[in-house]
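Colleague: Can you keep this structure in mind? I'll have questions shortly.
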Amino acid sequence: KISYNGIDGYTHKTYLRLINQSGSAVAGRIIVLDPGHGGKDPGTSKSGAIEKEIVLKVATKVKQKLEAAGAKVYMTRAGDTYPTLQDRVDFAQNNYAEVFVSIHVNSASSESASGTETYYSISGNENEKEDYRLASAINSQIVNNAGMVDRGVRREDYFVVRNLLLPSVLVELGFVTNASDREKLISSEYVDIFADSIYKGIVQYYKK
């Protein structure tokens, strides 16, 4: 409900960013985390490092950190299941998500390719600037805290970010095909660093 010049009206919260005036920046905020792939779809893999397993570990830790700060957090999968891309979009909408973060790991034909990159949609999206702010905050935290090569924030029409009007990003943590990145992706210490960085990026986004 919005009151302006003595007139009351209503707008869907998709077009608003709800900011806490005090206390935890994420308390009460509804955040959907999307660990990519799962079930019959393992994602990419190399030398025993399997995308669906890595991203579930990271997302689970992000959830714990956000919930400890008072956020309402939902995950598109909590185990080795395979929700379709449409299922993931529907899940976010049905849970009234305010932001959506899809978590993946990358691969390339060249083993020299390395680093972190974060995507948002190129389609006409009313929340494009919010997408960019969220993507930039998360990407910077991962690069700085995990010592990753910065591949930047990029625009790409991945299904889950294209089909959600709310601020939505897709994070590629690192490359399983790169020895240095892979070592971090399978390290419990770095899984926690990746998770803490995504958490801090979301908090940073909500503080601004």
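Colleague: Ignoring chymotrypsin sites (Phe, Trp or Tyr not before Pro) that are buried or in helix or strand per DSSP, and keeping those with at most 14 other beta carbon atoms within 10 Å, what is the longest stretch of the chain between them? Walk me through the numbers on the way to the answer.
Modeller: On the way: sites that count: Tyr10, Tyr96.
After excluding every exposed loop site, the longest remaining stretch is 97-208.
Colleague: Treating only the Cβ of Lys, Arg, Asp and Glu as charged (+1, +1, -1, -1), what charge dipole size does the chain show about its Cα centre? Round to the nearest 20 debye. Kindly include the intermediate steps, with their values, before the conclusion.
Modeller: On the way: 25 positive and 25 negative charges, 104 e Å.
Dipole of the chain, to the nearest 20 debye: 500 debye.
Colleague: For segment 171-187, what does the Karplus curve 6.51 cos²θ - 1.76 cosθ + 1.60, with θ = phi - 60°, yield as ³J(HN,Hα) per residue in whole Hz, taken in order and with x for Gly and Pro?
Modeller: 9, 9, 5, x, 9, 5, 7, 9, 4, 5, 4, 4, 4, 6, 5, 9, 8
Colleague: Further, regarding this structure: Can you match semi-axes √(5λ) of the Cα gyration tensor in Å to one of these, (i) 35, 20, 16; (ii) 29, 23, 17; (iii) 30, 17, 16, based on a calculation from the structure here?
Modeller: (iii)
Colleague: Give the distance, in whole Å, between the Cα centre of segment 19-49 and the Cα centre of segment 111-164.
Modeller: Measuring centre to centre over Cα atoms gives 14 Å.
Colleague: May I pose another question? Counting only protein chains, not ligands or nucleic acids, how are Ser140, Ser114 ordered by accessible area (probe 1.4 Å), most first? Before the final figure, lay out each step's value.
Modeller: Values: Ser140 55, Ser114 20 Å².
My answer, sorted largest first, is Ser140, Ser114.
Colleague: Lys/Arg Cβ at +1, Asp/Glu Cβ at -1, dipole of segment 10-114 taken about the Cα centre: which of Ser107, Pro42, Val58 is farthest positive-ward?
Modeller: The residue sitting farthest along the positive end of the dipole is Val58.
Colleague: Also, quick follow-up: Quick one: net charge of Ser140's neighbours, Cβ under 13 Å, K/R +1, D/E -1? The partial results should precede the final answer.
Modeller: Details: positive: Arg133, Arg151, Lys200, Lys208; negative: Glu117, Asp150.
Once all neighbours under 13 Å are counted, the net charge is +2.
Colleague: Right, here's the next one. If each residue of separation counts as 0.36 nm, what is the full-extension length gain between Ser123 and Asp150 once their alpha-carbon separation is subtracted? Please list the in-between numbers first.
Modeller: Numbers: separation 27, 0.36 × 27 = 9.72 nm, distance 2.39 nm.
Value of the extension gain: 7.3 nm.
Colleague: Same structure, new question: Can you tell me the dipole magnitude for segment 32-115 around its Cα centre, using point charges on the Cβ only (Lys, Arg +1; Asp, Glu -1), in Debye to the nearest 20?
Modeller: Details: 10 positive and 10 negative charges, 46 e Å.
It comes to approximately 220 debye.
Colleague: Right, here's the next one. Let me know the shape class of segment 90-140, please: from the alpha-carbon gyration tensor, a ≥ b ≥ c as square roots of the eigenvalues, rounded when a/c is under 1.5, otherwise prolate if a/b is greater than b/c, or oblate. Could you put the intermediate results ahead of the total?
Modeller: Working: a/c = 2.38, a/b = 1.82, b/c = 1.31.
Prolate.
Colleague: Please work out whether segment 54-138 counts as rounded, prolate or oblate from its C-alpha gyration tensor, where a ≥ b ≥ c are the square roots of the eigenvalues and a/c under 1.5 means rounded, while otherwise a/b larger than b/c means prolate and anything else oblate?
Modeller: Details: a/c = 1.45, a/b = 1.17, b/c = 1.24.
The shape class here is rounded.
Colleague: State the answer as a single residue: which of Thr177, Asn20, Ala69 lies farthest towards the positive end of the charge dipole of the chain, with beta carbon charges of +1 for Lys and Arg and -1 for Asp and Glu, about the Cα centre.
Modeller: Asn20
Colleague: With a/c under 1.5 counting as rounded, go ahead and sort segment 25-92 into rounded, prolate or oblate using the C-alpha gyration tensor (a ≥ b ≥ c being the square roots of the eigenvalues; past the cut-off, prolate if a/b is larger than b/c, else oblate).
Modeller: Working: a/c = 3.39, a/b = 1.61, b/c = 2.11.
Cα axes put segment 25-92 in the oblate bin.
Colleague: What ³J(HN,Hα) values, in whole Hz, does the Karplus curve 6.51 cos²θ - 1.76 cosθ + 1.60 give for segment 101-114 when θ = phi - 60°, with x put for Gly and Pro?
Modeller: Values, residue by residue: 10, 9, 10, 9, 10, 9, 8, 8, 5, 8, 6, 7, 5, 8 Hz.
Colleague: Using a 1.4 Å probe on the protein heavy atoms, what percent of the accessible area of the chain belongs to carbon and sulfur? Can you show the working numbers first?
Modeller: Working: 4700 of 9860 Å².
The C+S portion of the solvent-accessible surface of the chain is 48 percent.
Colleague: Under 5 Å between amide hydrogens, which residues at least 5 positions from Gly174 or on another chain qualify, with H placed 1.01 Å from N in the peptide plane?
Modeller: When sequence neighbours closer than 5 places are left aside, the close amide H contacts are Asn106.
Colleague: Between Thr14 and Ile2, what length comes free when the chain is fully extended (0.36 nm per residue of separation minus the Cα-Cα distance, one decimal in nm)? Could the numbers behind the result be given before it?
Modeller: Working: separation 12, 0.36 × 12 = 4.32 nm, distance 1.41 nm.
Extra length from Thr14 to Ile2 when fully extended: 2.9 nm.
Colleague: Further question on the same structure: Counting only heavy atoms of protein chains, what accessible area per residue, in Å², does segment 1-127 have with a probe of 1.4 Å? Let's see the in-between values first.
Modeller: Details: 6420 Å² over 127 residues.
Per-residue accessible area for segment 1-127 comes out at 51 Å².
The values are calculated or read from the model by the stated rules, or taken from the named source; none is laboratory data. For clarity, every value in this text was computed on a predicted model and none was experimentally measured. Cβ coordinates were reconstructed from backbone atoms using ideal geometry, including for glycine residues, and neighbour counts include every protein chain displayed. Please note that ligands, DNA and RNA were not included when accessible areas were found on the heavy atoms of the full protein model with its side chains. Shrake-Rupley method; radii C 1.70, N 1.55, O 1.52, S 1.80 Å.
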